[in-house]
Structures are given as C-alpha cells and as structure tokens.
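Trainee: Below are the structure tokens for one structure; questions will follow.
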Amino acid sequence: MTTAPHRKIVILTGAGISAESGLGTFRDEGGLWARHRIEDVATPEGFARNPALVHDFYNARREAAAKAAPNSAHHALAHLQQTLGPENVVIVTQNVDSLHEAAGARNVLHMHGTLAGALCAHCGHRWPAPSQMTPDTLCPACNGLSARPDVVWFGEIPYFMDAILDHLAGADLFISIGTSGQVYPAAGFVLAAQEAGAQTIEVNLDPSATSDQFDETILGSATQTVPALVEHLLAGHR
Ligand code: APR
C-alpha cells in the first residue's frame, strides 16, 4: 500500500506577522521607512558613510526585538511544523527578529539575516551580536573594526536562496503571511510555487502588491487569520 506523499508546505513571512508582537513594519503608516532613509541605514554605502548611524538603527531594533514575545500566529506556525514535521513545513522569513524560533519553529530560513548575528565585513567571521554594536566593536576573529549587523541590505544577495528555490520547486502549498510583496526575490516566490503546481494562499492585513497572483487571499490580522488557517490545514480542509 503506498502512503500519500507528505504534503510540502512552504511558508513565507514578513514584518506583518510580528506587528502584533509590537515590532514595527516598514511600509505601513508610520513604519520604519517613514522614519529612516533606506539609503542611510539599510545599504552597504550607508554603512560605509556613517556606521554609527546604522549601528544605532539596528541597536534600537535589536533592543525592541529582545523585549518582544511571539504571538499566536508564530505559535500556530510552529505547531503546524511540529505536527507535520519540519521536513514538510518550511518557514522562510524576511524578518530579522527571532520570534519564529521563540515560538518553537525549527530550521527557519532567514533570507535577510538576523539581528541576533554579527558579521565581520573584513574577514567574514560570524558571531552572536552584542546587544549594542558600535564602530568600535571588534571582530573576535581578526580583531578588526569592520563589525556589522549580519542582516542583508538592499543591493546584497539574500541568504539561503538555493535552498529556498529547491523547497519552492517541491511545494504543494505556498502560504505568504504579512508581507507587502514589494521586495524581490521574496515577492517572486508565489510565481515559483505556482510553476511547481502548488496551491498559493496569501494572508495579510491589506491586499499586497502581488495579491492578484495568489489562488486565495485571506485578509485580516495575523493573530486572527493564521491560527484559524493552521486549524483548517490540520483538519485536512485545504
Ligand atoms: N497582520 C497581518 N499583516 C499585517 C499586520 C498584521 N497585524 N500588520 C501589517 N500587516 C501587513 C501590511 O498590510 C503589509 O502588507 O504586513 C505587510 C508589511 O509590509 P512591509 O512593511 O513592506 O514589510 P515586508 O513586506 O516584510 O518588507 C519586506 O522590505 O525593507 C525590506 O528587508 C525589509 O524584510 C523587509 C522587506
């Protein structure tokens, strides 16, 4: 007797899933990009121009992230993964907070890096970021003064892309949660999933730039929509 192949679910999350944990999004009213210029705080050129300003920006986000707790949407995704198995539920996030892990999710692919990591721009060494980084933060490997947050800035190559594209190529279901669909390559994942024949569902507070590319859009806040969707999936309703 052949058992039905496990269903492969690939989930992409954005800042919207952490909004109800108190972490700001980027493009909503009053969001991070309304208060900071991307070119000053989220590009290699901005960091070269004024590293102290960039460290201040990420120090504040690291501090806020350290105080935040995962919400019921993070917990629902972790529960889905624990129930179906991490090989069948892959979580890819654009977020640099660690709230998926705090909720119990495993093998989360942080395509934009994490606030928890520090990287030496000189020797490439990675280590756990101190709570506050400054231009005087020394790299513990080369003792150089090129420490930066291990996050992916505009113009840089996102992490884990080969693995992510492999997962999408084998996906039966792709779920996008809490992202405006304005930043590539993440905004293009829905098309890659569809090419693989996957069903695609978008879960967001408002319609996104790519809503029309999804089979289904569920509008509402993540803490309302995600637990209900996970319940449906585990009951075999989708
Ligand atoms: N529940 C669900 N969705 C929400 C909620 C909520 N409580 N609050 C906001 N949203 C939705 C908004 O409607 C919006 O579409 O989350 C989305 C957040 O969009 P952005 O602020 O653009 O964040 P994101 O899509 O994650 O940005 C992608 O851009 O600046 C870069 O590197 C940064 O990873 C980030 C990337």
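The values are calculated or read from the model by the stated rules, or taken from the named source; none is laboratory data. The shown structure was predicted, so the numbers you read here are calculated from the model rather than taken from an experiment. Every residue, glycine as well, gets a Cβ built from its backbone with ideal geometry; the counts of neighbours run over all protein chains shown. These area figures cover heavy atoms from the full protein model, side chains too; ligands, DNA and RNA do not enter into them. Shrake-Rupley method; radii C 1.70, N 1.55, O 1.52, S 1.80 Å.
Trainee: With an 8 Å Cα cut-off and a minimum separation of 6 or more residues, compute the relative contact order for the chain in percent.
Mentor: 22
Trainee: Using a Gaussian network model on the chain with a 10 Å cutoff between Cα atoms, which of 112, 167, 125 fluctuates the most?
Mentor: 125
Trainee: Given a 1.4 Å probe and heavy atoms of the protein chains only, how would you sort 57, 160, largest accessible area at the top?
Mentor: 160, 57
Trainee: Nearest 10 degrees is fine. How inclined is helix 51-67 to the longest principal axis of the chain, computing both from alpha carbons?
Mentor: In the chain, helix 51-67 runs at an angle near 50 degrees to the longest axis.
Trainee: Counting GluC sites (Glu not before Pro) as exposed when in a DSSP loop with at most 16 other beta carbons within 10 Å, what is the longest stretch of the chain free of them?
Mentor: On the way: sites that count: 29, 87, 156.
No qualifying site falls inside 157-238, the longest such stretch.
Trainee: Give me the compactness ratio for the chain, meaning the Cα radius of gyration over 2.2 N^0.38 Å. The partial results should precede the final answer.
Mentor: Numbers: Rg = 18.2 Å, N = 238, 2.2 N^0.38 = 17.6 Å.
My calculation over the Cα atoms of the chain gives 1.04.
Trainee: Right, here's the next one. Using alpha carbons only, how many degrees (0 to 90, rounded to 10) separate the axis of helix 222-234 from the longest principal axis of the chain?
Mentor: On a 0 to 90 degree scale, this one is about 40.
Trainee: Grab the beta carbon distance between residue 228 and residue 162, set R0 = 41 Å, and tell me the FRET efficiency rounded to 0.05.
Mentor: 0.80
Trainee: Separate question: Calculate for the chain the 222 nm mean residue ellipticity that helices alone would give, adding -39,500 (n - 2.57) per DSSP H run of length 4 or more and normalising by residue count, nearest 500 deg cm²/dmol. Don't skip to the answer; put the middle values down first.
Mentor: Values: 9 runs with 77 residues, N = 238.
Result for the chain: -9000 deg cm²/dmol, rounded to the nearest 500.
Trainee: How long is the gain from residue 212 to residue 154 if the chain were fully straight, where each residue apart is worth 0.36 nm and the alpha carbon distance is subtracted?
Mentor: Here the answer is 18.3 nm.
Trainee: Any idea what Rg and Dmax come out to for the range 148-224 if you just take the C-alpha atoms, in Å?
Mentor: So, for the range 148-224, Rg and Dmax equal 13.2, 40 Å respectively.
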